[in-house]
Every structure is written in structure tokens, then in C-alpha cells.
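The values are calculated or read from the model by the stated rules, or taken from the named source; none is laboratory data. Because the structure is predicted, anything quoted here is derived from the model rather than measured. Every residue, glycine among them, receives a Cβ derived from its backbone with ideal geometry; neighbour counts consider all protein chains shown.
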Amino acid sequence: MTTVAVTQSPAVVPGTSPAPALTLANVLYERRCAIAYVTVNRPRVLNALNAPTWLDLRTAFENAQNDPAVRGVILTGAGDKAFIAGADISGLARATAVDAERSSRFGQQVLDLIENLGKPVIAAINGFALGGGCETAMACTIRIAVEHAKFGQPEVKLGLLPGGGGTQRLPRLVGKGRALQLILSGGMIGAQEAYRIGLVNEVVPASDLISRAEAILSEIAANAPIAVKYALDAVNNGVETSQNEGLVLEASYFGLCAGTEDKREGTSAFLEKRAPHFAGR
């Protein structure tokens with residue numbers, strides 16, 4: 001089965017009481033318990049990305065990264081039509097070559113922040129994820145899509161190429177051949193095809209999208225925070241190296257974890273046949 005249905009509400013992720021919402025112009029941000037909810041809030045333009053929205057996304061994710069109470073993030077789009085439908089074309093139409101390169105680098109930096117947040121980020125893809133939207137989803141740790149979601153990198157239809165990491169992350173996720181077909185054709189694929197090629201982790205009914213993301217973060221949050229962070233770092237950094245170099249990196253992170261209080265608690269709890277109580281130290 002490629003569709004995952006959630007039949008009951010997920011357990012509440014352990015954490016502190018709700019925090020005041022961060023006020024931004026184009027992005028909604030709030031923390032409930034240990035989850036930060038980031039929503040691109042431009043539904044009239046299908047949550048298209050422009051410069052102020054990129055800035056708001058950076059602010060939101062920096063806030064999540066710096067908040068010790070946040071154990072994971074759910075990123076989605078406002079409304080039921082689009083996650084992020086791409087870049088704001090009106091802005092692109094006016095951009096010079098220098099402007100475009102500068103804009104590309106800034107977007108890449110924001111997505112690098114998301115990818116290397118040190119905490120899991122789930123893309124809850126509730127509709128179109130095209131261009132910069134597909135690139136934003138690919139920077140997330142895990143991607144969950146509704147059944148009507150659509151994916152693509154249509155930049156070549158505008159005389160451009162993907163500028164937010166699409167030429168780099170897409171081949172790493174789905175393989176060079178499939179990535180080139182999507183990038184060069186500029187075509188769209190549906191959620192089930194995206195699942196088949198490994199672009200998304202799960203396909204769920206729209207009514208279950210956020211609750212499924214919460215359930216996954218709840219499962220992750222039950223584990224040692226430092227181990228989760230180092231596991232993310234080991235994968236993200238190791239995939240850019242040879243396997244031998246990655247193994248050395250893995251051993252280094254393994255050793256760092258072994259020196260933590262959480263490791264002592266985890267191994268003691270296992271031997272004592274009780275649930276661990278991790279402190280993130």
C-alpha cells in the first residue's frame with residue numbers, strides 16, 4: 001500500500017507549553033508543545049516564493065533552530081491547493097543576470113538551513129510543489145504528500161533552470177536519469193509517481209496530512225535528541241563524500257554520542273527494561 005491512513009490522533013509530542021506565535025508577513029509560525037509549525041501564507045498566489053517570503057522562511061527556521069523546546073518542524077502551505085507553487089514569476093521577469101544569481105544563492109542558503117537544521121523537518125505537501133516549492137520540499141528531512149499533490153521543476157519552460165538546489169538534490173533523491181527527465185521536460189508528476197521514484201516518503205489522505213506528520217515527529221521525539229541531531233549530520237555530510245570518508249565521519253559521531261548522558265540513560269533503561277528519559281545532554 002502506498003497510501004497511509006491515520007485512524008487515530010497521534011500522541012502529543014512531549015515538550016513545554018505553547019509559545020507565543022512569531023509574527024511574519026508571509027509565513028505563519030507557531031510552536032505547540034515540541035513542534036514548530038511553519039506555513040507559507042500566500043494562498044492567493046498559491047504560496048509562491050518572493051524575496052520577502054524567503055526572508056520570512058529564514059527567520060522562522062532560525063527561530064525553530066534556536067528554540068531548545070522545538071524537537072521538530074512541520075512545513076506546509078496555506079489553503080488546500082498548493083504547498084508552494086514556485087517562484088513569483090513577476091519578480092523573475094524583471095530580474096537581471098546578477099539579480100537572478102544573487103536570488104538563487106539566497107534561496108539555496110535558506111534551504112541549506114532547513115536541510116541542516118539539526119532537527120527533523122517534515123514537508124506536509126498539500127498540493128502543488130513546483131519549482132522552488134519542489135526544491136523546498138526536497139530540503140526537508142521527510143516528505144509526506146496528499147493524494148492530489150503535483151511535483152515538477154518547470155523552470156526550462158521559462159528559459160531558466162532550477163536555482164534552489166533542484167539540479168543537486170533531485171538526482172540524489174531519485175537518480176540522475178529520472179531527475180534529468182523531470183528537469184529537462186519541465187513536466188509534472190502526481191503523488192503516487194513521486195512516491196514510486198522516491199521523491200516522497202508517504203502519500204496520505206488530505207485529512208490525515210498534519211496528524212501523520214505529527215505522529216512521525218512524536219516517534220522521533222521519543223529518542224535521544226543528540227543522537228537524532230548527529231544521525232542527521234552523519235547522513236547529510238556523509239552523502240557528500242566517498243563511502244570510506246562517510247564511515248570515518250559516522251564513527252566520529254558514534255563516539256560523540258557514546259560520551260553523552262543520553263547514551264548512559266538509554267543503555268541503562270534498556271538493561272533495566274524501562275522507558276528512557278532523555279535530557280538532551
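All conditions in (1) more than 15 Å from Gly86 (Cα to Cα); (2) of a type in the set (A, V, I, L, M); (3) assigned to a strand (DSSP E or B) hold for Ala129, with the sole exception of (1). Would you pick out the residues in the range 258-280 that are acidic (Asp, Glu) and touching a helix residue (DSSP H, G or I) at 6+ places or on another chain (Cβ under 7 Å)? Across the range 258-280, the qualifying residue is only Asp262. Hey, can you tell me all the residues within the range 259-269 that are surrounded by 11 or more Cβ atoms within 10 Å (Cβ to Cβ), over 26 Å from Ala64 (Cβ atoms) and of a type outside the set (D, E, K, R)? Within the range 259-269, Thr267, Ser268, Ala269 qualify. Against the numbered list (1) surrounded by 14 or more Cβ atoms within 10 Å (Cβ to Cβ); (2) out of contact with any strand residue (DSSP E or B) (no Cβ under 7 Å at 6 or more places or on another chain), Ile220 comes up short only at (2). Scan the range 232-251 and tell me whether some residue there is within 21 Å of Asn116 (Cβ to Cβ), in contact with a Lys or Arg (Cβ under 9 Å, 6 or more places away or on another chain) and surrounded by 15 or more Cβ atoms within 10 Å (Cβ to Cβ). Checked against the condition, which is being within 21 Å of Asn116 (Cβ to Cβ), in contact with a Lys or Arg (Cβ under 9 Å, 6 or more places away or on another chain) and surrounded by 15 or more Cβ atoms within 10 Å (Cβ to Cβ), the range 232-251 yields at least one hit. When the residues of the range 62-110 are filtered to those that are touching a residue at least 60 places away in the same chain (Cβ under 8 Å) and either in a helix (DSSP H, G or I) or not assigned by TED's automatic domain parsing to the domain that holds Arg31 (or both), which remaining residue is nearest to Lys229 (Cα to Cα)? Checked the range 62-110; the qualifying residue nearest to Lys229 (Cα to Cα) is Ser104.
Restricting the range 14-31 to residues that are modelled with pLDDT of 95 or more and in a strand (DSSP E or B) leaves a set whose member that is surrounded by the most Cβ atoms within 10 Å (Cβ to Cβ) is Val27.
Rundown of residues vs (1) touching a strand residue (DSSP E or B) at 6+ places or on another chain (Cβ under 7 Å); (2) polar (S, T, N, Q); (3) surrounded by 16 or more Cβ atoms within 10 Å (Cβ to Cβ); (4) touching a residue at least 24 places away in the same chain (Cβ under 8 Å), yes/no style:
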residue	(1), (2), (3), (4)
Gly159	no, no, no, no
Pro162	no, no, yes, yes
Gln168	no, yes, no, no
Lys176	no, no, no, no
Ile183	no, no, yes, yes
Met188	yes, no, yes, yes
Gln192	yes, yes, no, yes
Leu199	yes, no, yes, yes
Val204	yes, no, yes, yes
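Does the range 185-207 contain at least one residue that is within 19 Å of Ile35 (Cβ to Cβ) and assigned to a helix (DSSP H, G or I)? Scanning the range 185-207, I find at least one residue that is within 19 Å of Ile35 (Cβ to Cβ) and assigned to a helix (DSSP H, G or I), so the answer is yes.
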